[in-house]
Amino acid sequence: MSDPRQPDAVGPTGSSKADLDADIAIEEPGAVSPETEGAEEDARATAGGAVAAQPTDVPPPSRWHSTLHQITTGNAIISVLAVLLALLVGAIMIAFTDERVQEASGYFFARPGDTFLAIWESVSGAYSALFQGSVYNFRRDDFISGIRPLTETLTFATPLIAGGLGVGLAFRVGMFNIGGRGQMLIAASVAGWLAFGFDLPWGIHMLVALLGGLIGGALWAGIAGALKARTGAHEVIVTIMLNYVAFYLVSWMLRTPGLLQAPGSSNPKTPAMKETAIFPALLGPQFNLHFGFILVVVATVIVWWILSRSSLGFRFRAVGENPNAARVAGINVPSMYIYAMLISGALLGLAGVSQVLGTVTTGFTAGIDAGIGFDAITVALLGRSTPWGIFIAGILFGAFKAGGFSMQAAEGVPIEIVLVVQSLIVLFIAAPPLVRTIFRLPDPASPKRRPVPNVTQEVKAK
């Protein structure tokens, strides 16, 4: 008699356990017979070989492809396309505000060609006037007279470059210095006071006034840096308040006899700067370009060296990327804030000094900054806070300023359109995804797409 506690020994039909296991093995879909096992192993080996060979079969991207990818995902292309988009929108505004275009559009459906011709003449005439007013005037008889617009562009660009360098350097340290107006006013006041209030030899007088202005701007910006370093006060609020303090302080000194006001005058204006303190003209008295442009070129080289080649620049960039990590690495973060604002204020002070010693030498008022302190923010943004990018952006905005008056005089284009174009440049610079979407540029955050072979087709072919 069999043991009832071993039911698996014999099946219900009398079959043995070995027979049942064989039947189950045949009926299971996942079961593999000895004849097919070898074939499946060959197929898996072939597929595995194809997958393993995938990285070696796909050629690496060419050098031209890599270069094109870097260009289309870089920051420089965004700046260029932002300028082009702003000019395109400016062209639309020029066309809509032109009286000839408005008149021709009244009978558009009868003669559409007249409307398009009027649009072309309006836009091409305006931008041609912009070019001739900022680069070269083809209507002049000789080359010296024709190149005068370019010298005006460089003159307008001189304080913009200096101010942009100051704002851009603060950006690299993670600080938003929008106190350029106040720093320019203080620097201009100190330099102007030294320029008209003292009698010194030529060269020494100019150097003393220049250094005084740089120190004044640096110390005024250093107030914001010290407050941020010691108390954590936000530099945006502090610099905005210091703008008002500087403006009203300078306005008071311009109305007070014995300080900045010209003797014997009731107007809030300083006396003229003495000849020994004025920047010399670079191309002669017939041009307005002065020694300040050479100073901003030197300042650009110095800022580039500080940010790219010095240990101070490394610490600046480390604090700008991550102040907490920089603090852990042993960098004195509060000191970096103070140093950065001192250098930034000195650069913005150079912008103010170039105004009073180079451009407006007959005496200045409280409006000597001429909005340059805020335009410098735009220049720094367009230049991506890099020294040479800021240099090029400053020349571009100098061209807008010089050519804008020519557009208004020659074509009757409102000067406000140039300001709208500058504002649109800032808008597009601040929205890189918008520019990439319009021009269908690849996203720099996404990895490079490389062709992936079809493994299934390769397996079937083999």
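The values are calculated or read from the model by the stated rules, or taken from the named source; none is laboratory data. Every value quoted in this text rests on a predicted model; they were computed, and no experiment measured them. Here the Cβ positions follow ideal geometry from the backbone for every residue, glycine too, while neighbour counts run over all protein chains shown. Surface accessibility is based on the protein's heavy atoms, side chains included, excluding ligands, DNA and RNA. Shrake-Rupley method; radii C 1.70, N 1.55, O 1.52, S 1.80 Å.
Let's see how each residue does on (1) among the aliphatic types (A, V, I, L, M); (2) modelled with pLDDT of 70 or more:
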position: GLY38; (1), (2): no, no
position: PHE116; (1), (2): no, yes
position: ILE119; (1), (2): yes, yes
position: ASP142; (1), (2): no, yes
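In the set (1) under 20 Å from PHE364 (Cβ atoms); (2) touching a helix residue (DSSP H, G or I) at 6+ places or on another chain (Cβ under 8 Å), THR256 fails one condition alone, (2). When we screen ARG255, ARG181 for residues that are basic (Lys, Arg) and closer than 16 Å to SER354 by Cβ, the only hit is ARG181. Only residues in segment 211-234 that are at pLDDT below 95 and surrounded by fewer than 19 Cβ atoms within 10 Å (Cβ to Cβ) count as the first member; pair them with residues that are in a loop (DSSP other than H, G, I, E, B) and among the aromatic types (Phe, Trp, Tyr), Cβ under 9 angstrom, at least 6 apart or cross-chain, and list the lot. Correct list of pairs: HIS234/PHE176. Filtering VAL452, VAL435 for residues that are open to solvent by less than 50 Å² (accessible area, probe 1.4 Å) and at pLDDT below 90 leaves a single hit, VAL435. Taken over segment 261-299, the residue count meeting the criterion of being within 27 Å of the chain's Cα centre (by Cα), part of a helix (DSSP H, G or I) and not hydrophobic (A, V, I, L, M, F, W, C) is 1. Scan segment 287-337 for residues that are under 30 Å from ALA277 (Cβ atoms) and either of a type in the set (Ser, Thr, Tyr) or surrounded by 16 or more Cβ atoms within 10 Å (Cβ to Cβ) (or both) and the total you get is 14. Residues in segment 105-134 that are among the charged types (D, E, K, R) and assigned to a helix (DSSP H, G or I) were compared, and the one that is farthest from GLY412 (Cα to Cα) is ASP114. Exactly one residue out of ALA380, ALA399 is crowded, with 19+ Cβ neighbours inside 10 Å and farther than 29 Å from ALA229 by Cβ: that is ALA399. Summed over segment 250-260, residues that are outside any loop (DSSP other than H, G, I, E, B) and either within 29 Å of GLY394 (Cβ to Cβ) or touching a residue at least 60 places away in the same chain (Cβ under 8 Å) (or both) total 4. Of all the residues in segment 114-127, those that are of a type in the set (Gly, Ala, Ser), crowded, with 17+ Cβ neighbours inside 10 Å and free of Cβ contacts under 8 Å to residues at least 60 places away in the same chain number 1.
Comparison of VAL333, VAL328 shows that the only residue that is more than 17 Å from LEU154 (Cα to Cα), of a type outside the set (S, T, N, Q) and out of contact with any Lys or Arg (no Cβ under 9 Å at 6 or more places or on another chain) is VAL328.
Counting only helices (runs of 4 or more DSSP H) that fall entirely inside segment 374-444 and contain at least 3 residues that are in contact (Cβ under 8 Å) with a residue 60 or more places away in the chain and closer than 23 Å to ILE302 by Cα, the qualifying elements are 387-411.
Counting the residues of segment 71-113 that are among the polar types (S, T, N, Q), open to solvent by 60 Å² or more (accessible area, probe 1.4 Å) and farther than 21 Å from ALA126 by Cβ gives 1. Filtered by the rule that a residue be touching a residue at least 60 places away in the same chain (Cβ under 8 Å) and surrounded by fewer than 22 Cβ atoms within 10 Å (Cβ to Cβ), segment 354-367 gives THR359, THR361, THR362, GLY363, THR365, ALA366. The set of residues from segment 141-188 being touching a residue at least 24 places away in the same chain (Cβ under 8 Å), open to solvent by less than 10 Å² (accessible area, probe 1.4 Å) and either more than 25 Å from VAL245 (Cα to Cα) or not in a helix (DSSP H, G or I) (or both) comprises THR151, THR153, ALA157, THR158, VAL173, MET175, ASN177, GLY179.
Of PRO268, PRO263, PRO257, PRO201, all but one fail to be surrounded by fewer than 21 Cβ atoms within 10 Å (Cβ to Cβ) and within 30 Å of THR151 (Cβ to Cβ); the exception is PRO201.
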